[in-house]
Amino acid sequence: MPSSRRAPISQRKQPQQARSNELVGAILQAAVQVLSKEGAPRFTTARVAERAGVSVGSVYQYFPNKAAILFRLQSDEWRQTTEMLCRILEDRSHEPL
């Protein structure tokens, strides 16, 4: 039985320079805009690139597919939520309920 290979959902490479970080940030911001304003059916790497004002090749330089973009968005959300919960739990300025 042939095995189906799926493209990885992690980033291709990590941005090293400030300009590269800005590009990845613009791609992620565009991805959120496409999802929120146009919905999942219109969410493609080409549409994200268009919204970000970059070539689709620039998107593929950092993300192999749209699943990788979505995975990064979700990972960032989990990280932010975890950090917020840690701050709340470590806050000793309020009496426990």
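Throughout, read-outs are computed from the coordinates displayed, never taken from laboratory work. In this text the structure is predicted, and so the values were computed from the model without any measurement. Counting neighbours? That spans all protein chains shown, and the Cβs are built from the backbone with ideal geometry, glycine included.
For LYS66, LYS37, the sequence from fewest to most other C-beta atoms within 10 Å is LYS37, LYS66. Put a plus charge on the Cβ of each Lys and Arg, a minus charge on the Cβ of each Asp and Glu, and nothing anywhere else: the dipole of region 18-90 about its Cα centre is then about 240 debye. Counting neighbouring Cβ atoms within 10 Å and putting the fewest first, the residues ARG87, ARG42 line up as ARG87, ARG42. Electrostatic tally near PRO41: other residues with Cβ closer than 13 Å to its Cβ, Lys and Arg +1, Asp and Glu -1, net +3.
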